[in-house]
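Okay, so here's the structure we're looking at.
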Amino acid sequence: MLFQLWSSEIKNFSIEDVEKNLWARQAGFDDKSLARSVNEFNLAFTKYGINSCMQKIVFLALGYAETRFKSLGEEISSFNSSKSIYKGRGFHQLTGTRDGNGFYNSPGPYENYATAVGNQNIISHPDLICKNIHYAIDSAGWFWTDPNWGKKVPLWSSSSNVKYIKFRADYFSKALGKPLNEVSHLVEDDEKYFWLQAKLLNGYPKGEKLEIDPNGWKTRKNAFDILKNNVFEFNIRCKGNDGLKFNGKWHDPVDNPQRTKYNSYGYVKPENGAYGNVRNNGSKYHSGLDLFALPDITPIYAPLDCTIAGITEGPVGGKVVRIKIDKTKDLLEQEKIVNYKLEFKHEEMGINIKETDSVYFIYMHLSAIPSKKLFTTKDVGKKIKAGEIIGYTGVTGNANGIPSPHLHLEVATVMDPFNNGGRTKRTNPARFIKLNSYDTKEQDDASKKNHNIKYE
């Protein structure tokens, strides 16, 4: 996502530049790591009900326009707002209340947010909103959704311009009085609501003419289009597909899950990454599902609430993390939502999991970069929440040096099916994941080289 957004504005921007650019201009930031930011966004989405594709697209597009994912505090300029005590801070630039001199020196939303999260230090130390990654993102989620104190579409009282009131009431009648998160639902049917949200975040309607676009509108619109069409592929993957909406329990093991398009020799063979006797014309068994993943930058997630069951390393699977699902019932609910149908001639469904079974998700070929290994053997037994990052994909084991970088994922009723039961204990991981199209430019580009990484 960040690569798509930044490369649209920065000439010759490469995917290797992503992590060093994240929050690069924010001084005194407590954690600039990609992993922490992804975790905080997932936590905010869950906490504040930012669930659907369109809600996330609009939320991220407007935040990108405000921060570029580089700076979370309004920089000093000729504007009074930048010199104010409660100037814009955070992913959606939480801003205080303006006084008679045009300065934002009254806490306003800062005070309301401090009360909501139970931390009054935010009022006396407003820089917490731009220097603490949790508050920077969480404050945006609160501002976006809180029905009492968050940003809402005004009802436009009689003290406002009469012509303006009539136009707004006629044109945006569905949005009146609603928090921005609810208005995001309307964008799926009519993108004019995205324009309305951008206007509201710039203080509209006070002091602005109806026809004037909000500051940074082109940036907002460009980010919205990239996220909608290139990242989320909304019209293909999301539109009218309720199954893609986060249900509060399940999180895909990787973002934008796609089976691998290419095999280890660079040929188009998507069936090679499927489960079952899919290789060598049905004569060779593949024990899991290969999900396309660029090495060392792709986070992997806990799909449900779970427990770290094992951390191992070997010549085939490389760095491996095993997790045990806490409630098998939740997994079976996800299976019903997906309702997977076999896609290839020799692909198999695997065993049927019962609610009484223990279930393990096994992630292989993970990154060996020290900062990407989030858990060690000391963490076995640790409880993990759905959507929490548990590591990063890599090319360890026998995945090194091939043009199809991937996460090899297995789902089994025992922790080590390789030595205990084999296919009699495994099922097809695709039964639980809504897979997106594998015919993507990203996979085509990745296949042009062998991903040979020498880990220290």
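Place the peptides 228-238, 257-267, 396-406 in order of packing, highest mean first, counting for every residue the other Cβ atoms within 10 Å and averaging per peptide.
Packing proxy ranking, top to bottom: 396-406, 257-267, 228-238.
Among MET54, GLY96, THR115, pick out the residue whose Cα is farthest towards the positive end of the charge dipole of the stretch 37-129, where Lys and Arg carry +1 and Asp and Glu carry -1 on C-beta, about the Cα centre.
MET54
Using only helices, what value at 222 nm comes out for the chain when you add -39,500 (n - 2.57) per DSSP H run of length 4 or more and divide by the total residues, to the nearest 500 deg cm²/dmol?
-7500 deg cm²/dmol
Working out 0.36 nm times the residue gap between LYS47 and ASN280, then minus their Cα-Cα distance, what length gain in nm do you get to one decimal?
Stretched fully, the LYS47-ASN280 segment lengthens by 79.2 nm.
Dipole magnitude of the stretch 44-83 about its Cα centre, charges +1 at Lys/Arg Cβ and -1 at Asp/Glu Cβ only, in debye to the nearest 20?
Rounded to the nearest 20 debye, it is 120 debye.
For the ranges 422-431, 287-296, what's the packing order if you count other beta-carbon atoms within 10 Å of each residue, average per peptide, and put the highest first?
287-296, 422-431
How large is Rg over Rh for the chain, taking Rg from the Cα atoms and Rh as the Kirkwood inverse mean of 1/r across Cα pairs?
Rounded to two decimals, Rg over Rh is 1.00.
Contour minus end-to-end for SER8 and LYS336, with contour as 0.36 nm per residue of separation and end-to-end as the Cα-Cα distance?
114.2 nm
Using packing as a proxy for protection, rank 52-65, 306-319 so that the peptide with the highest average count of other Cβ atoms within 10 Å comes first.
52-65, 306-319
Could you tell me which Cys residues in the chain have no other cysteine's Cβ under 4.7 Å from their own Cβ, answering none if every one has a partner?
So, CYS130, CYS306.
Grab the beta carbon distance between MET349 and ASP445, set R0 = 35 Å, and tell me the FRET efficiency rounded to 0.05.
That pair, MET349 with ASP445, gives E of 0.60.
Which aspartates and glutamates, on any chain, are close to LYS284 with Cα under 19 Å apart, when same-chain ones fewer than 8 places away are left out?
Of all the aspartates and glutamates, those that pass the test against LYS284 - Cα under 19 Å, at least 8 places apart if same chain - are GLU271, GLU343, GLU347, GLU348, GLU410.
For labels at ILE236 and THR424 in the simple 7 Å Cα→Cβ model, what's the distance in nm?
It is 4.2 nm.
Which of LYS319/LYS378; LYS151/LYS385; LYS47/LYS218; LYS199/LYS441; LYS345/LYS372 have a Cα-Cα distance over 27 Å?
LYS151/LYS385; LYS47/LYS218; LYS199/LYS441; LYS345/LYS372
When Lys and Arg each count +1 and Asp and Glu each count -1, what net charge do the other residues less than 9 Å away from PRO403, Cβ to Cβ, add up to?
The answer is +2.
Quote the charge dipole size of the stretch 50-158 about the Cα centre in Debye, to the nearest 20; the model charges only the Cβ of Lys and Arg (+1) and of Asp and Glu (-1).
Charge dipole of the stretch 50-158: 200 debye, to the nearest 20.
Work out the charge dipole of the stretch 2-243 with +1 on the Cβ of Lys and Arg and -1 on the Cβ of Asp and Glu about the Cα centre, then indicate which of CYS238, LEU72, SER33 is farthest towards its positive end.
Positive-end residue among those listed: LEU72.
In debye, nearest 20, what is the charge dipole magnitude of the chain about its Cα centre with +1 on Lys and Arg Cβ and -1 on Asp and Glu Cβ, if you could check?
Dipole size: approximately 180 debye.
Using the beta-carbon distance between HIS125 and PHE375 and R0 = 30 Å, what value does 1/(1 + (r/R0)^6) give for FRET efficiency, to the nearest 0.05?
0.40
What is the sum of charges, Lys and Arg at +1 and Asp and Glu at -1, for the other residues whose Cβ falls under 12 Å from the Cβ of ASN105?
It works out to a net charge of +2.
What number comes out for the charge environment of GLY28, summing +1 per Lys or Arg and -1 per Asp or Glu over other residues with Cβ under 13 Å away?
Net charge in that neighbourhood comes out at +1.
Read-outs: derived from the displayed coordinates by stated rules, not from any lab. Here the structure is a predicted model, which means the values were calculated and not measured. Ideal geometry is used to build each Cβ from the backbone, glycine not excepted, and the neighbour counts take in all protein chains shown.
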